[in-house]
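Have a look at the structure below, then the notes.
The values are calculated or read from the model by the stated rules, or taken from the named source; none is laboratory data. If you're wondering where the values come from, they're calculated on a predicted model, not measured in any experiment. Virtual Cβ from ideal backbone geometry, glycine too; neighbours counted across all protein chains shown.
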Amino acid sequence: MENKNICIIGAGIGGLTAGALLTKKGFKVSIYERESILGGRALSINPSDMNLKEYRKLLARFNMNISFSEPDLKTIFDKNMIKGYQLDLGFHIIGGGILTNIKTILSEEKYKQEFIESYIGFIENKKYGFPFLSKLDKIRVAPNIIRLLFAGEKKLKEFDKLSINDTIKRYGKGKMKLILEVFSRSITTINDLNKISSGEMLRAQKSLYKGAKPVTYPKKGLKAISENLAKYITDNGGKIYLNTPVEKIIIKNKKATGCITKGKEISFDYIISSILVQNLFKITDEKHFPKKYVSKLKSLKGTGSLCAYYSLNNIPKDLIGKAFHFIQRDTGLEGKDVVGMIDMMITSSENKMSPKNNFLIQSYVICTPEEAKNPKVQRKLRKYLDENLNILIPNFKCKLNWAIYSSIWHLDGVAKTIERDKADIITPINNLFLIGDCVKAPGIGYNCAINSAKIFVEHIIDK
């Protein structure tokens, strides 16, 4: 079995995780990535390595654009104000469960990945508190939290078709209501509580408590994880081809047999796609698939947000390394209330994502993909981000070096909602599989992508 030749399309976190696990088991792995850099949508970049036109083009390829900046983006680039900074493409604070996953994959010392961890604070009524729950809060909500988080899979399946709004009606008293309102939105990147599956949210929430604080971020940025995984893959005989898009997946008699890249046909025993599932039929002929399957994949939608990156020359020491949620009430947007986060974990000097004596803050506020494209909504969301940062750091604009606000309508590849299931890892085509944050796997976003890769590898080994 180990001699099987496997093609992985996409060097995002899902593709790289699968590649690392497969090479660990002795499989022959080739990963093809259309970009010149690793990471997919969970990508860290040094924007000063490119000009403004190149930066805009890169964002466009990942379903993003710059909505606002201060000063204007041309000035930021012309004066090289972003030199020494490293930016993520979107907001990618990672749930605490990532630590267990990454340590399992990268267990050897030379590939070890270090993380910064944080509890979460909360901004409310023009003030903030840290952590989100006081000791008294924990005592008060403990019975309901334990009942929900430690429910077995049989019970969680009953919750799958139960919306968070329904769960709030059952269990949402006092601080418990706020917990369900805020964390269900931040975990799923969806604001409409009627669309969020209680079962899915609780599974994701359970994984956050496995050996870590609720949120984590890799030291030296997201690219550090991708680079460690890539090094493990190549050290163990795997191949990674950057700037090499797969042009077509070859399917014969309901079986994936290979792919075409740079005009050359290459045979493989298995093809694993980690690209957006909505884009699958751009590289393979949909005539090979059942019509219902094609319609389903094409109908799937991602999640959206407005992300902001603030560079400040000074911040209060008590905020360094922390992260804060906020909820904006009665916004007029989908879900009525919207949730966001302001993250200061990367302000820690050990993270090395900004020049010395400067502090990089990343933040986001959740919206739908359609709202992310609406200039009027973008202005409203920017206002929410600025107002909440100003509560944490009064008159923060006096300390501002620059700010960049980016709209993104594929923050997560597919929004997991009650009425819309994600795609299965196993496709109707033999030897063709899907992985990433677009498919059915525990967790959301980054964790979902990693878990999907683990499930796929277990499936292949068991065959």
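Scanning segment 187-205 for residues that are in contact with a Gly (Cβ under 8 Å, 6 or more places away or on another chain) and either within 19 Å of Lys112 (Cα to Cα) or modelled with pLDDT under 90 (or both) yields Ile187, Arg203, Ala204. Restricted to segment 396-444, and to residues there that are of a type in the set (Val, Ile, Thr) and touching an Asp or Glu at 6+ places or on another chain (Cβ under 9 Å), the residue that is surrounded by the most Cβ atoms within 10 Å (Cβ to Cβ) is Val439.
State yes or no: is Ile249 in contact with a strand residue (DSSP E or B) (Cβ under 9 Å, 6 or more places away or on another chain), assigned by TED's automatic domain parsing to the domain that holds Gly26, part of a helix (DSSP H, G or I) and in contact (Cβ under 8 Å) with a residue 24 or more places away in the chain?
no
Just so you know, in segment 330-384 the residues that are among the small types (Gly, Ala, Ser) and in a strand (DSSP E or B) include one that is farthest from the chain's Cα centre (by Cα), and it is Gly332.
Take the residues in segment 281-292 that are under 25 Å from the mean Cα position of the chain (by Cα) and assigned to a helix (DSSP H, G or I), then tell me which one is surrounded by the most Cβ atoms within 10 Å (Cβ to Cβ).
Phe281
Residues in segment 293-329 that are assigned to a loop (DSSP other than H, G, I, E, B) and surrounded by fewer than 22 Cβ atoms within 10 Å (Cβ to Cβ): 9 in all.
Taken as a whole, the condition of being at pLDDT 95 or above and among the hydrophobic types (A, V, I, L, M, F, W, C) applies to Leu385. If the condition is being surrounded by 18 or more Cβ atoms within 10 Å (Cβ to Cβ) and not in a loop (DSSP other than H, G, I, E, B), then segment 25-58 contributes Val29, Ser30, Ile31, Tyr32, Gly39, Ser44, Ile45, Pro47, Tyr55, Leu58.
Checking each residue in segment 414-439 for being under 17 Å from the mean Cα position of the chain (by Cα) and under 20 Å from Asn194 (Cα atoms) picks out Val414, Ala415, Lys416, Thr417, Lys422.
The numbered conditions (1) within 20 Å of Ile31 (Cβ to Cβ); (2) of a type in the set (Gly, Ala, Ser); (3) not in a loop (DSSP other than H, G, I, E, B) are all true for Gly237 except (3).
For residues in segment 235-260 being of a type in the set (Val, Ile, Thr) and buried (at least 20 other Cβ atoms within 10 Å of the Cβ), which is nearest to Leu38 (Cα to Cα)? Restricting to residues being of a type in the set (Val, Ile, Thr) and buried (at least 20 other Cβ atoms within 10 Å of the Cβ), the top hit is Ile240. Residues in segment 262-272: is at least one without any contact (Cβ under 8 Å) to a residue 60 or more places away in the chain, hydroxyl-bearing (Ser, Thr, Tyr) and over 30 Å from Asp160 (Cα atoms)? The answer is no, given that none of the residues of segment 262-272 is without any contact (Cβ under 8 Å) to a residue 60 or more places away in the chain, hydroxyl-bearing (Ser, Thr, Tyr) and over 30 Å from Asp160 (Cα atoms).
Within segment 125-141, residues that are surrounded by 18 or more Cβ atoms within 10 Å (Cβ to Cβ) and modelled with pLDDT under 65 sit with their Cβ atoms under 7 Å from residues that are part of a helix (DSSP H, G or I) and not small (Gly, Ala, Ser), at 6+ positions apart or across chains, in these pairs: Val141/Lys175; Val141/Met176; Val141/Ile179. Within segment 88-98, one or more residues are assigned to a loop (DSSP other than H, G, I, E, B), touching a Gly at 6+ places or on another chain (Cβ under 7 Å), of a type outside the set (Val, Ile, Thr) and farther than 18 Å from Ala403 by Cα.
Of the numbered criteria (1) surrounded by fewer than 19 Cβ atoms within 10 Å (Cβ to Cβ); (2) within 29 Å of Ala449 (Cβ to Cβ); (3) modelled with pLDDT of 95 or more, the one Arg379 fails is (2). Looking across segment 360-381, the residues that are in contact with a Leu (Cβ under 7 Å, 6 or more places away or on another chain) and within 21 Å of Thr347 (Cβ to Cβ) come down to Ile361, Ser363, Tyr364, Val365. Here is the figure for segment 59-70: residues that are surrounded by 14 or more Cβ atoms within 10 Å (Cβ to Cβ) and farther than 16 Å from Cys307 by Cβ total 0. For Asn5, the criteria (1) buried (at least 23 other Cβ atoms within 10 Å of the Cβ); (2) at pLDDT 90 or above hold in every case but one, which is (1).
Screening Cys7 on (1) under 15 Å from Leu242 (Cα atoms); (2) part of a helix (DSSP H, G or I) shows it passes everything except condition (2). For Ile327, the conditions (1) closer than 17 Å to Lys399 by Cβ; (2) at pLDDT 95 or above all hold with the exception of (1).
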